[in-house]
1. Test residue 98 against the stated conditions and say whether it is over 16 Å from the mean Cα position of the chain (by Cα) and over 30 Å from residue 134 (Cβ atoms).
2. For region 57-70: of the residues being more than 12 Å from the ligand (Cβ to nearest atom) and of a type outside the set (Val, Ile, Thr), which is surrounded by the fewest Cβ atoms within 10 Å (Cβ to Cβ)?
3. For region 125-137, what are the residues that are in contact (Cβ under 8 Å) with a residue 12 or more places away in the chain and either in contact with a Gly (Cβ under 7 Å, 6 or more places away or on another chain) or within 14 Å of residue 81 (Cβ to Cβ) (or both)?
4. Restricting to region 28-67, give me the number of residues that are among the aromatic types (Phe, Trp, Tyr) and farther than 30 Å from residue 133 by Cβ.
5. Using the structure shown, decide if residue 77 is among the polar types (S, T, N, Q) and more than 21 Å from residue 20 (Cβ to Cβ).
6. Taking the condition of being within 11 Å of the ligand (Cβ to nearest atom) and of a type in the set (Asp, Glu), how many residues in region 1-17 meet it?
7. Kindly evaluate residue 82 against the criterion of being over 21 Å from residue 129 (Cα atoms), in contact with a helix residue (DSSP H, G or I) (Cβ under 7 Å, 6 or more places away or on another chain) and of a type outside the set (Ser, Thr, Tyr).
8. Failed condition for residue 73, given (1) in a loop (DSSP other than H, G, I, E, B); (2) among the hydroxyl-bearing types (Ser, Thr, Tyr); (3) more than 15 Å from the ligand (Cβ to nearest atom), with all others met?
Amino acid sequence: MIIKWRPEYSCYDKTIDEQHKQLIDMINEMYTLSLYDDHIDRYDSIVEVFSRLKDYAVYHFSHEEKMFTEHDYDSFNTKLQILEHKGFVNKIASIDLYEVDENQNETISNVLDFLSKWLEHHILEVDKKFGEFLIAKYEK
Ligand SMILES: [Fe+2]
């Protein structure tokens, strides 16, 4: 299902919100590719979007991690976030592209299910907490 940006996704930081929107766009792009039922091989496009998403997630996480240091986020939540980021990157790296090629639609729908649930959790539970911390700290 296409993920639509909702106001409740806001983490009260413009840059973080923008980056989450980019991630959502890429997940939606992958979803759109999975919808075709015409037996055309879309392996190359899938791998391309997937690799773009992976690179962008790494960039986004490093941006967030820099912010934790800059704003002196507490070490417990910082560690928790870094662990979650690593977990995500490892999961993405462990996806077997051979499997994607062999069984495109099913594998992609499993991957999408993971990505959309993870992003929802990342935005609504984890990053939002950081946004609330920023508001409390700077009353912005
Ligand atoms: Fe994030």
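None of the figures in this text is laboratory data; all of them are computed from the coordinates on show. Keep in mind that this is a model prediction, so the values were computed, not measured. Ideal geometry is used to build each Cβ from the backbone, glycine not excepted, and the neighbour counts take in all protein chains shown.
1. So residue 98 fits the description; yes.
2. It comes out as 70.
3. Selection gives 126, 127, 128, 129, 130, 131, 132, 133, 134.
4. 4
5. No.
6. The total comes to 2.
7. Criteria not met by residue 82.
8. (3)
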